[in-house]
Amino acid sequence: MIGCKLNQKFLIYKKIINCFEFLDLFICKYSSFYRDLHPINKIEWSYKIIKTMFQKPKIIRAKIADMEEILRLQYTAYQSEALIHGDFSIQPLMQTLDETLAEYKKDIVLKAVQDGRIIGSVRAYTKGNTAYIGKLMVHPDYQGKGLGKRLLMAIERKFPNKRYELFTSCKSDRNLHLYETAGYTRFQEKTDDAGIAFVYLEKQAKQE
């Protein structure tokens, strides 16, 4: 227990040190600007930078004007899936802007934003009592930090008291781990025309 607490403190101190190392580099680059600031302004300026580095991305509903940026994110995020299968003609990489805009009209699309940049997204639509979730994506630079889970939880909250369904490649171990950890269970497997096998997962929402 003591070792765990010490390790947590070490990680916190390490993050703080990394922040100040970043500030040192930034100040060296813009030294004249920093040198001319009033001491109070220096503190405020430094605080804003550190706050930005630690703040969580904000998850909000996307606007239609965001879809072009989200499509670019999609092309980037799905490169890893293409590599898994050795196939760069998978649907997410071939989708056009017009097709994306058509999905926007029937879906709820969420975006994760940090520093004015869209770094994650997910969308879903309902049919009957089921919410079909798809295109859950996170920019490679921000993966492994829990953002995918936050996006999944956020889209579920948009459809309370529904059955949730999604799918992913049978080879996408990271995706399967995320979904199963979030309470999804496998119920079906299908193979598309390109020979890629997909596993379908479902989850029943908690009744309020």
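The values are calculated or read from the model by the stated rules, or taken from the named source; none is laboratory data. In this text the structure is predicted, and so the values were computed from the model without any measurement. Neighbour counts are summed over all protein chains in view; Cβ atoms, including those assigned to glycine, are modelled from backbone coordinates with ideal geometry.
Annotations
- Gln114 vs. criteria out of contact with any Cys (no Cβ under 8 Å at 6 or more places or on another chain) and farther than 29 Å from Ala65 by Cα: no
- Residue satisfying all of: in the stretch 182-202; out of contact with any Asp or Glu (no Cβ under 8 Å at 6 or more places or on another chain), more than 17 Å from Ala131 (Cα to Cα) and surrounded by 10 or more Cβ atoms within 10 Å (Cβ to Cβ); modelled with the lowest pLDDT among these: Asp192
- Long-range neighbours under 7 Å by Cβ, at least six apart or interchain, first residue of a type in the set (Phe, Trp, Tyr) within the stretch 71-89, second surrounded by 13 or more Cβ atoms within 10 Å (Cβ to Cβ) and part of a helix (DSSP H, G or I): Tyr75/Leu93; Tyr78/Pro92; Tyr78/Leu93; Phe88/Ala82
- Listed conditions (1) exposed (fewer than 10 other Cβ atoms within 10 Å of the Cβ); (2) modelled with pLDDT under 90 are all met by Thr96, apart from (2).
- Here the condition is being modelled with pLDDT of 95 or more, part of a helix (DSSP H, G or I) and over 17 Å from the mean Cα position of the chain (by Cα); of Leu71, Leu83, Leu101, it holds for Leu101 alone.
- Members of the stretch 128-149 found to be among the basic types (Lys, Arg) and modelled with pLDDT of 95 or more, listed by number: Lys135, Lys149
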